[in-house]
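Submitted below is the structure of interest, expressed as structure tokens.
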């Protein structure tokens with residue numbers, strides 16, 4: 001299984017990805033069970049679920065701070081473009097059953113497909 005998106009295609013847990021798609025930078029959370037395999041098409045298809053991603057308007061390059069918070073198996077993601085910028089909400093209390101299990105947090109950035 002080749003890695004097209006993130007650290008490895010068959011990761012187990014919740015991954016946070018920053019990538020460019022259709023000319024816009026996006027941040028997205030994806031839950032994977034380790035057996036399904038994750039490729040670019042699977043990730044992009046998840047963009048149709050509005051509660052698990054956001055568009056990073058006014059971002060082209062530079063510093064991107066990310067806050068990753070889990071409370072009661074619900075993920076909240078916030079981002080900031082640096083010290084002078086406030087944090088903006090991206091994902092709010094998205095429930096993932098896998099967040100109650102032990103595992104790893106994965107964060108990846110790249111541009112696998114425009």
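State the number of residues belonging to the stretch 53-76 that are farther than 12 Å from residue 18 by Cα and in contact with a helix residue (DSSP H, G or I) (Cβ under 9 Å, 6 or more places away or on another chain).
5
Across the stretch 65-87, which residue is surrounded by the fewest Cβ atoms within 10 Å (Cβ to Cβ) among those that are assigned to a loop (DSSP other than H, G, I, E, B) and at pLDDT 90 or above?
86
Is one or more of the residues making up the stretch 4-17 at pLDDT 80 or above and within 22 Å of residue 97 (Cβ to Cβ)? It would help to see each step written out before you state the result.
First, the residues of the stretch 4-17 that are at pLDDT 80 or above: 16-17.
With the extra rule that they be within 22 Å of residue 97 (Cβ to Cβ), the set shrinks to 16-17.
The answer is yes, given that some residue of the stretch 4-17 is at pLDDT 80 or above and within 22 Å of residue 97 (Cβ to Cβ).
The values are calculated or read from the model by the stated rules, or taken from the named source; none is laboratory data. Remember, it's a predicted structure, so these values are computed and weren't measured experimentally. Note: ideal-geometry Cβ built from the backbone for every residue, glycine included; neighbour counts use all protein chains shown.
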